[in-house]
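Everything on this sheet refers to the single structure shown next.
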Amino acid sequence: MTQWIGETFTSDAGWNHLETLVNIGDRMAGSEGEREAAERTRDALASVGARDARLETFDVQGWARGDSEIRAGDTTQESIALPRSPDASATGELVDLGYGLPADFEETDIEGKVVMVASNVPDYYDRFIHRREKYYYAVEGGAAAFVFRNHVEGCLPPTGSVGTGEDPIGDVPAVGVSKEVGSRLSRRWEGQQVEVRVEADIDDATSQNVHAELGPDTDEEVLVTSHVDAHDISEGAMDNGAGTAMVVEMARSLAAREDELDTKVHFIAYGSEEVGLVGSGVDAGSRDLDSIKAIVNNDGVVRGRTLTFHTHGFDALDAAAEQLGEDFSHPVKTIPEQGPHSDHWPYVKWGVPGYHVMSETGDEGRGWGHTYADSLDKLEVRDLREQAILLTELTVRLAREEFSVARKDPEEIAAALEDEDQAEGMKIIGDWPYDE
C-alpha cells in the first residue's frame, strides 16, 4: 500500500490538470471554453491510464452574460446578472426581505416589487435555502425583479443559476450584488423605485460529458464524478476545477491499483452542472440505474483540508467513510441528510447509493465560490494529494466484491426530504420528481 500512497503524494497529474482548467478562461455551460475543458479532461484521463476516454454530447440552452445594472436614484449600483436570467429590465419598489425565508415571502406583499434577499440563512434556521428556491418564491409572489445579496464581506457579487433543467430561463430579471452594495441599497433606497436591467444572449448550444473507465468489464459500476463547467466570472478553481482534477488524480492512482478492483470504475466529468445539473441528468436518464453500485461525486473538495461526505441516509456509505478516516487517522465528517444540489442527485433521488464529497472551510455557505475570487491561489496541492489518497482507497473498497450497500426505494428518499423540510422548496422550483 505504501508505494501508491507515496506516488500519489508526489504526483502532479491532478494539480497540473487543475492549472490547465483555470487557464482556459470562461467554462460556462455550452461555451467553447467548456468544450475545451472537456477535451482536455478526456485527454488527461487517457494519459493516466484510463481506457475508452470519450465525449458524449447533448443539447443545452446557452446563456451568455451581457451588462447588467441596478439604477437607484441618480446612480448605478454594481451588479452581475444571474445565469438563466431573462434578457429583460423591470422597475419597482425595493423590498429587502433579509434572509428570504419562506415566511418572509408569505408575510410580505411583493407583487410588482424588486425583491432583495441574502445568500445565507440564520444560524437558528434548520436547513439551507438554495438561491433558486428564493428566486422561485419571488416569481410565485409576482416580483418584478430579484436581487441576490452576498452575505460575505469583500465587495464581491455572487453568481449562480436561477433556471432549472426543465425551465431553463427564469421569468424575472435577476442580479447578484455584494454585501456592501446590498446594504447601501437597503439603507438608502428601500421603499423607493429602482430599476434592474439584464442583458444576456440566449441561444441553443451543445455541452458534453467526459467518460473513461478502469477495472474489469463488469455490468456493475462505481461512478467517480465531477463537473467541468464553471461560472464565467472566475477561474472556477474551487467550483469545480478541483473536483475534476481530483477525478484525474484518482484515475492515475486507481490505474496503479487496477488489479485490486472487482468492479468497473466509471469516471464521468459532467457538463452544464451549474445551470441545473443538466449533464448528470442526461446521463442518469440514459443509464440503467440498477447497474450503479455507488457514486463518489467530487464537488467542493480541496478548498478545505477535512473531507465531508453527504451520505443521504445510506448507512453502509456512512460507515465506509468513517472507517476510512479511522484507518488513516485522518478526520472526516459524515452528513446523513439529503443533498440535492450536485451531480449525484439525478441518481440518488431514485435510490442509487451516493456520496457528495466536499471539504470543510470553516466559512458559512460558499465563501469565495460563485464570485470573482474563486481562483487557484485559494487552493493547496497538499490538500489535493491527501484527499486523493483517501478517495482512491475509498473507491477501491467500494469496488470490492464483498462490499454491499442496500439501495433505497424512491419513496424513502422522498420521505427523508419531507422529514428534513426540503420538499417544499424543491416543489416550488420544479425539482420535485415524485408523484404526489
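The values are calculated or read from the model by the stated rules, or taken from the named source; none is laboratory data. All of these numbers come straight from a predicted model, not from anything done at the bench. Methodologically, a virtual Cβ is constructed for each residue, glycine included, from the backbone with ideal geometry; neighbour enumeration extends over all protein chains shown. Only protein heavy atoms, including side chains, enter the accessible area calculation; ligands, DNA and RNA are left aside. Shrake-Rupley method; radii C 1.70, N 1.55, O 1.52, S 1.80 Å.
Data table
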| read-out | value |
| --- | --- |
| 15 Å Cα-Cα reach of Lys408 towards aspartates and glutamates, excluding residues that sit fewer than 8 places from it in its own chain | Asp290, Asp315, Asp318, Glu337 |
| Span per principal axis, largest first, for the Cα atoms of the range 151-208 (Å) | 43, 26, 18 |
| Principal-axis tilt of helix 242-256 within the chain, Cα atoms, nearest 10 degrees | 10 |
| Given charges at beta-carbon only (K, R positive; D, E negative), |dipole| of the range 190-256 in Debye | 320 |
| Of Thr371, Thr306, Thr225, the one that fluctuates the most in a GNM where the chain has Cα springs shorter than 10 Å | Thr306 |
| Sites Lys333 and Glu258 - FRET efficiency at Förster radius 25 Å, r taken between beta-carbons, to 0.05 | 0.25 |
| Max mean-square fluctuation residue, GNM over the chain, Cα-Cα springs under 10 Å, options Ala143, Ala416, Ala81 | Ala416 |
| Label-to-label distance, nm, for residues given as Lys427 and Asp126 (7 Å Cα→Cβ offset) | 1.6 |
| Highest-MSF residue in the chain out of Val22, Val357, Val332 [GNM, Cα springs under 10 Å] | Val332 |
| The chain: equivalent-ellipsoid semi-axes (sqrt of 5 x gyration tensor eigenvalues, Cα, Å) | 37, 22, 20 |
| Proximal charge balance of Ile70 [Cβ under 15 Å; K/R count +1, D/E count -1] | -2 |
| Within straight-line cross-link reach of Lys378, lysines at Cα separation under 23 Å, skipping those fewer than 8 residues along the same chain | Lys179, Lys333 |
| Estimated distance in nm for a label pair at Glu140 and Asp12, the labels positioned 7 Å out from Cα along Cα-to-Cβ | 5.3 |
| Cα centre as origin, Lys/Arg/Asp/Glu Cβ charges: the chain dipole, Debye | 1040 |
| Percent accessible area from carbon and sulfur atoms, the chain, protein chains only, probe 1.4 Å | 42 |
| Convex hull of Cα atoms in the range 42-154, direction-averaged projection (nm²) | 11.6 |
| Cα long-axis angle, helix 131-140 against the chain (0 to 90 degrees, to the nearest 10) | 40 |
| Summed residue charge, Cβ within 9 Å of Val196's Cβ, Lys/Arg positive, Asp/Glu negative | 0 |
| Cα point-scatterer Debye curve for the range 268-392, base-10 log of I(q)/I(0) at q = 0.14, 0.22 Å⁻¹ | -0.64, -1.40 |
| Shape call, the range 320-436: gyration tensor on alpha carbons, a/c limit 1.5 | oblate |
| All lysines inside 16 Å of Lys113 as judged from Cα atoms, apart from same-chain residues fewer than 8 positions distant | Lys134 |
| Accessible surface of Trp4 - all protein chains present, 1.4 Å probe, nearest 10 Å² | 20 |
| Top positive-direction residue, dipole computed over the range 310-352 with Cβ charges, set Gly325, Tyr347, Gly313 | Tyr347 |
| Dipole-positive endmost among Gln208, Val222, Met238 within the range 194-244 (Cβ charges, Cα centre) | Met238 |
| Surface per residue (accessible, 1.4 Å probe) for the chain, Å² | 38 |
